[in-house]
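Remarks on the structure that follows.
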Protein chains: 2
Amino acid sequence: MRKTKQDKPWIKKVGLEIATPSLKDNTADVDRLIKGIKKGLETEDIRIDLSMVRQLPSLLREYNYRGDAVVFEDRNSWHLIEIFPCGNANGVFVLAVDLGTSTVVVRLMNLSTLETIDETSFRNPQNEFGADILTRIHFAAKEDGLSKLQSLLIRKLNEEMGALVKKHGIDKKSVVGMCVAGNTTMTHLFLGLDPYWICREPYIPVINRPALILSSEIGLAISPRAPILVFPNVGSYFGGDLIAGILASGMIQQKEVSFLVDVGTNAEVVIGNRDWLMACAGAAGPALEGGVASMGMMAGPGVIDRVTIDSETLEIRIRTIENLPPVGICGSGLIDLVAQLFLSGMIDLRGKYVEARCRDRLQDIEGIKHLIVVSYEDSGTGKPLTLSQPDIDSLMRSKAAMYTILTTISNTVNIHMSEISRFYIAGTFGSYIQPHSAITIGMIPDLPLDTYVPLGNSSIKGASKALLSARARDDVFRIRDRITYLELNVNQEFMNLFSAAKFIPHTDRSLFPSVKVSSS
Amino acid sequence: MRKTKQDKPWIKKVGLEIATPSLKDNTADVDRLIKGIKKGLETEDIRIDLSMVRQLPSLLREYNYRGDAVVFEDRNSWHLIEIFPCGNANGVFVLAVDLGTSTVVVRLMNLSTLETIDETSFRNPQNEFGADILTRIHFAAKEDGLSKLQSLLIRKLNEEMGALVKKHGIDKKSVVGMCVAGNTTMTHLFLGLDPYWICREPYIPVINRPALILSSEIGLAISPRAPILVFPNVGSYFGGDLIAGILASGMIQQKEVSFLVDVGTNAEVVIGNRDWLMACAGAAGPALEGGVASMGMMAGPGVIDRVTIDSETLEIRIRTIENLPPVGICGSGLIDLVAQLFLSGMIDLRGKYVEARCRDRLQDIEGIKHLIVVSYEDSGTGKPLTLSQPDIDSLMRSKAAMYTILTTISNTVNIHMSEISRFYIAGTFGSYIQPHSAITIGMIPDLPLDTYVPLGNSSIKGASKALLSARARDDVFRIRDRITYLELNVNQEFMNLFSAAKFIPHTDRSLFPSVKVSSS
């Protein structure tokens, strides 16, 4: 990441050269320091927290009225975070946090060089009180539930951040800012805000646009005056993680229209450009998260992420993460597998097993057809890995839902699929997915393959971006305010689109000219 | 106090009428509330502290999205202090505090009616660790000394404020603001700031212009988000108490030039009008504070505050506070006494006892002349109350110092005494002093008596004023920034003026035409 003209930092270091006190100039320490900071900042509005004021008399004298001030800007005022003595070579640091429901990722960056120093990820400790958001919201309603969930998270964050900075010989006081992107419920729990109404009609979060807070307000063990930027949300079901994704994609800088898709239990879809943004979310089903298929798993070691099927021999070739013996399949692997099954004629356009092609690979277990994808000999689990007809049906619904949502939102803004210049796919799913397979099954539109851009962990990318540039930070709120949220109306028209999309690739084959079936 | 057009409040109550949430309007609680407050305030910048955000979901629902918000303005942003349900008839309150070195005065006011409800005063608990400022500064340098001094004060304040509001059936949460005026050291100790450098060359306070803080930052037991306005200081020896006095006097609204004098161990003098202000302070000696005269005391029950001497019989008639048997004399009583002694010829123009006039009233105790002012029979102490020659000498130095300071500062700005339209005298001293007696001894200039205006407790008056009006609050900082501080240069010229003023009323009798001696 390079600094451009517009990319002014909102957390920065200012060199201090302050006149030492004398009988001719007996200005108070604080006023003297403010004068020194003003010189470097060209602002009239500098604020110093009482906790810092208390330290100034001894610090200023210890540092001999020389050194660096680290300040942050908030609504045109600059606030002092810390002062450091001259020649403090270590520099200052910031942390970007992807506050996932299941996994938390923390990235340590050098504020001066803008470089990423290290990254760590760990299981969200709130899992102990519920793996999913709803369970946690219910737990928060119990006595002390909310404060338990919050303190568990903060304690774990402090542990992990502490270890991370210690590893690099960095003093906690030198960590002068943090940015947190998460879904609406996770950011509420982070701030200690009651998420009770998030899951109850009419689904009201406590806050949409959290103001900057200081780290001491929630007990984070970094500089007590480090600003914590918590990504805003659009509503209960469109959180800061998505806004981080939009920021990370850069789609709001482009004249052309882009899609951004984040696939989980919900498929979240954003369409727009530098002038407008529309978003919607719909249940995509858990098929893509590894929740339903009996062999489905989150991406991880030994998980199948690529599948090819030889259309002659019908041999299924798999690739696993870290090349370990296969133990399951992730969402992108599943899309690959189903696309290949279709291309090799082992399933038909309704996604049903073609017995004549599958032959003895197909087994009947308790009246349900299962395809043996990996035999027990090759499996890492000691059991065969199979894909049942209901697994495929489930994926068919998911992919149809996704395509219907994409169609509905683009119809609403009257944009034709061919006008889409980029199609960003967020998350792990986006990193592993093979666009041509997703196109083959008709999950995403049949656009040139280079239209598809995996974003990786867009939450941490967005959070990092917002930390290092005032423009990006402001863009976060611009994005939030600009988004028109499309409430998905599951009416007859939607159901018609959905039904048409429940074929591979689609009932209207003209929409998917690139999908050519070799045999059937 | 009446509201004028310009006297807009900076702490105020805003009626809330917020749209209740619905599926068509699922704005978050905080954003919904901000919208409601904006309606009543016409501002774009409303801020809500995280501690308040946490309470909003339950409060807003409990109050059914109706009620009052209490907000304060700081540098053009409005901050939420509390919300109250509809029909909370009790109103909201603020506290003005005169943070004296020896005595603390707390005044409770109704923010809506602007009325004073009650006032309480108590001994500054820091007296335990030193009666005077210097001793406290030294104590603060000991381990935990500063935090002990601060917490002692805060604890006592909480106790006294708690009792005050309880007495009137007021909930602590309804106390939504506080303003504190005190000298530089006292305000430092209040804020927990190290006063170490205040009394050491070059006499640097930690802070000149404290920003507004929230009550929770220093542990005050009122609304945790109540703003605390601490009066700024000009330097180590010109504190917020003086600025409060200037504000209370109203001299900065006037075209004509006024003097403001605050007499204690130091005589603090301000001269100026709506365009300019000059101040200086000089040692006036402790004579006027009741510190030196063997019978000297602070004003209080049984203390002599008026003296007349029959020039025929030379009988000394006294008046005491609350008409109790006399136990001592306060500064203003002392001035009265010495003026009367002079007018009756019992002391000469050098302030020396005239034995021929005093006769047997004069006693020699260990070689020092003492005048028996009150015989042991009439005394409330069982002992005679006497005034020694050194007591008078000490007063002569004090009064000469005061007159010299007044002359020096008015000479500096080239204002003749006759141009002074008002002469404000702050403090208890100002309430009790008889201007004609002070003129008689040549302590203050010989101006028409109605020029002299006692201000009473100008610290609490100034603090009250600043709490109730944004203009007055802004004036506080305008006063601070406008003051030119005159460093008293004790050079030959000063010493000449001082020597000339060490006579009663003065070597230059033409300066005091109204002083006529009946006999000598």
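The values are calculated or read from the model by the stated rules, or taken from the named source; none is laboratory data. Given the structure is predicted, the values throughout are model-derived calculations rather than measurements. Note that we place each Cβ from the backbone using ideal geometry, even for glycine, and neighbour counts take in every protein chain shown. Remember, those area values only see protein heavy atoms, side chains included, never the ligands or the DNA or RNA. Shrake-Rupley method; radii C 1.70, N 1.55, O 1.52, S 1.80 Å.
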Reduction of at least 20 Å² in accessible surface, 1.4 Å probe, comparing all protein chains with the chain by itself, residues of segment A:12-44: A:P21, A:L23, A:N26, A:A28, A:D29, A:V30, A:D31
Cα centroid separation - segment B:325-404 against segment A:112-174, whole Å: 76 Å
Whole-Hz couplings from phi, Karplus 6.51/-1.76/1.60, listed for segment B:127-140; x for Gly and Pro: 3, 3, 10, x, 6, 10, 4, 4, 4, 5, 4, 5, 5, 4
Kirkwood hydrodynamic radius of segment B:123-209, Cα pairs, Å: 14.1 Å
Cross-link reach list, aspartates and glutamates versus A:K516, counting only Cα pairs under 18 Å and skipping chain neighbours closer than eight places: A:D310, A:E312, A:D336, A:D348, A:D446, A:D508
Tensor-based shape of segment A:115-273 (alpha-carbon gyration tensor, a/c under 1.5 rounded, otherwise prolate or oblate): oblate
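Can you give the helix-only mean residue ellipticity at 222 nm for the protein assembly as shown, where every DSSP H stretch with n ≥ 4 adds -39500 (n - 2.57) and the sum goes over all residues, rounded to the nearest 500 deg cm²/dmol?
Calculated at 222 nm, the ellipticity per residue is -9000 deg cm²/dmol.
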Heavy-atom accessible surface of chain B: percent carbon and sulfur, 1.4 Å: 49 percent
For the protein assembly as shown, accessible area per residue (1.4 Å probe, heavy atoms of protein chains only), Å²: 40 Å²
Segment A:394-442: C-alpha gyration tensor shape, a/c 1.5 cut-off, then a/b vs b/c: oblate
Order by protection proxy (mean Cβ within 10 Å, highest first), peptides B:178-191, B:494-507: B:178-191, B:494-507
Mean separation of Cα contacts under 8 Å, 6 or more apart, over the residue count of segment A:53-169: relative contact order %: 14 percent
Listed pairs A:K142/B:K173; B:K352/B:K399; A:K38/A:K465 exceeding 18 Å between Cα atoms: A:K142/B:K173; A:K38/A:K465
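Is the shape of segment A:120-164 rounded, prolate or oblate, going by the alpha carbon gyration tensor and its root eigenvalues a ≥ b ≥ c, with a/c under 1.5 for rounded and a/b larger than b/c for prolate?
oblate
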Those lysines that a straight Cα-Cα span of less than 20 Å connects to B:K166, excepting residues fewer than 8 apart in one chain: B:K156
Stokes-Einstein diffusion coefficient of chain B, Kirkwood radius over Cα pairs, 37 °C, 0.692 mPa s, in µm²/s: 131 µm²/s
Zero-based 10 Å bins, Cα pair distances in segment A:453-520, whole percents: 15, 22, 22, 26, 13, 1
Taking segment B:392-485 and dividing mean pair separation by its residue count, relative contact order in percent (alpha carbons under 8 Å, at least six apart): 27 percent
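Need one value for B:74-80: mean number of C-beta atoms belonging to other chains within 10 Å of its residues' C-beta atoms.
Mean inter-chain Cβ contacts per residue within 10 Å come to 1.
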Built amide H within the under 5 Å cut-off of B:I425, gap 5+: B:V261, B:V453, B:L455
For B:S294, distant residues with modelled amide H under 5 Å away: B:S388
Hull shadow area, averaged, segment A:374-487 [alpha-carbon convex hull, nm²]: 10.4 nm²
Ordering of A:57-65, A:26-34 by packing [mean C-beta count within 10 Å, highest first]: A:26-34, A:57-65
Accessible-area value, A:K35, 1.4 Å probe, nucleic acids and ligands omitted, Å²: 130 Å²
Within straight-line cross-link reach of A:K24, aspartates and glutamates at Cα separation under 12 Å, skipping those fewer than 8 residues along the same chain: B:E201, B:E487
Averaged over B:187-197, number of beta-carbon atoms from partner chains that fall within 10 Å: 3
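Mind giving me the FRET efficiency for A:Q253 and B:D74? R0 is 51 Å, r the Cβ-Cβ distance, nearest 0.05 is fine.
With R0 = 51 Å, the Cβ-Cβ based efficiency is 0.90.
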Debye intensity ratio I(q)/I(0), log10, segment A:144-194, q values 0.27, 0.28 Å⁻¹ (C-alpha model): -1.03, -1.06
Solvent-accessible area buried by B and A, counting both chains, probe 1.4 angstrom, square angstrom: 3200 Å²
3J(HN,Hα) from dihedral phi, segment A:93-101, Karplus parametrisation 6.51/-1.76/1.60, rounded to Hz, x for glycine, proline: 9, 9, 10, 9, 10, 9, 8, x, 4
Descending Cα extents along the principal axes, the protein assembly as shown, whole Å: 142, 60, 48
Volume per residue of the C-alpha convex hull in segment B:78-128, rounded to whole Å³: 123 Å³
Rounded FRET efficiency, nearest 0.05, which uses the C-beta distance separating B:E128 from B:Q389 and R0 of 51 Å: 0.90
Amide H contacts under 5 Å for B:N266, placed H, 5+ residues apart: B:A284
Solvent-accessible surface (1.4 angstrom probe) belonging to A:V490, in square angstrom, nearest 10: 100 Å²
Given charges at beta-carbon only (K, R positive; D, E negative), |dipole| of segment B:1-159 in Debye: 260 debye
Part-to-part distance (alpha-carbon centres) for segment A:482-496 and segment A:33-84, which is given in Å: 51 Å
Overall dimensions of segment A:54-96 as given by Cα atoms, namely Rg and Dmax in Å: 11.9, 34
Partner chain coverage, peptide B:206-218 - average Cβ within 10 angstrom: 4
